[in-house]
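Remarks on the structure that follows.
Only the coordinates and a few stated rules stand behind these numbers; no lab work does. Since we're looking at a predicted model, the values are computed, not measured. Here the Cβ positions follow ideal geometry from the backbone for every residue, glycine too, while neighbour counts run over all protein chains shown.
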Amino acid sequence: MKSHLFTTILLLFLVFLSCSNDDNSSDDVDPQQEEIYFPPINSDTWETKSISELNWNEDQLQPLLDYLEEKDTKSFIILHNGKIVVEEYMNGHDSNSTWYWASAGKTLTTTVSGIAEQEGYIDINNKVSDYLGTGWTSTSATKEDLITCKHLLTMTSGLDDTSGDDVSSTNLQYVADAGTRWAYHNVYVKMQDVVAEATNQTWSNYFTDKLKDPIGMNGSWIDLGDLSVYWSNTRSMARFGLLSYANGKWEDTQIINENYLSEATNTSQTVNLAYGYMWWLNGKSTYHLPQSQFEFQGELIPDAPSDMYSALGKNDQKIYVVPSKEIVVIRMGQSAEDENFALSSFDNDLWLKINALID
């Protein structure tokens, strides 16, 4: 009888101990990250979140907005886990106005190229000539055969970047072997031709079907001489930034392969450590800039978070994605200072103002 009673007490003690350990283990686990919010596809509604909810410094918002207006900004958005915290329009712009993405739109080409690869139409490690045929450059066949789609995505084609925006074959001339030289060059638009040829669709139609419509963007590609530039409202740029922040997923649909997006937003070659597949990367020890072969020491934007990656366009069009802060930041407008191709001193000055708000 005593033995039976002892056994019963022991079993109850073990059950209690097990439950206690389960409770303690749950205390050791970090709270689950807030679920990412996605705005509806066919609606203008977009949930918001207040600065006070986030414990940000509300008294620093107006100085930030004053600075943006002074610097010829047209629109500015901050998302936190997908919800709008700040959305402002200024200098004659409003929520319905469209503006050009300039080179920030290069990342649209990156994303759609990845979609085409995951659907089996292309392989970015294949030669460009596999899709466009030989003679798409003025280089020798041997040198042309060295250029892969990945070289176009990473700005390492080795083609002359000093001969203007024209990407006709006669203007695409050899400077160095593919993969050995980083140079900011409009030859990246040949990736749009690769996708069009491989899918047997126009670039615009494939882009619309696979990226624009699935995440509810508006806008269109506008021909400006030798290349097309994307124009949209500011929220469409924010939708694309949110897709990237969410690792290529929109609600329950994986739009772009997560592994590909990870490759695109990390160092892609050994020449310019601060460059992925047309995404600019902060937190690297060195970087190169457009129209220069000089290697700069230090981080791209020293006062921005080290894990930030960015789509940067001419005259200060910006998409900043910052996983550690759970934010996406959008800026559209005229040049804040002098005309520029991507990075400018405005980037760091702006981040000093953003940090004052969010830290």
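Maximal additional length on extending the I41-D66 stretch stands at 5.8 nm, based on 0.36 nm per residue less the C-alpha distance. Over segment 139-212, the pair-distance histogram of Cα-Cα distances with 10 Å bins from zero comes to 20, 48, 26, 7 percent, rounded to whole numbers. The slack in the chain from S163 to S50, taken as 0.36 nm per residue of separation less the alpha-carbon distance, amounts to 35.8 nm.
What does the helix-only formula give at 222 nm for the chain: each DSSP H stretch with n ≥ 4 adding -39500 (n - 2.57), the total divided by the residues, and the result rounded to the nearest 500 deg cm²/dmol? Before the final figure, lay out the partial values.
Values: 11 runs with 111 residues, N = 359.
Computed ellipticity for the chain at 222 nm equals -9000 deg cm²/dmol.
Under a Gaussian network description of the chain, with springs only between Cα atoms under 10 Å, the residue in L159, L54, L132 that fluctuates furthest is L54.
Computed from label points 7 Å out along Cα-Cβ, the spacing between T202 and K249 is 3.5 nm. A simple spin-label model places pseudo-atoms 7 Å from Cα toward Cβ; at D145 and E326 they are separated by 5.3 nm. Return the whole-Å distance between the Cα centroid of segment 66-83 and the Cα centroid of segment 84-131. Answer, in whole Å: 20. Using C-alpha pairs under 8 Å with a sequence gap of at least 6, the mean separation divided by the residue count of segment 58-358 gives a relative contact order of 23 percent. Residue pairs exceeding 28 angstrom between C-alpha atoms, taken from K150/K353; K190/K212; K74/K150; K210/K318: K150/K353; K74/K150.
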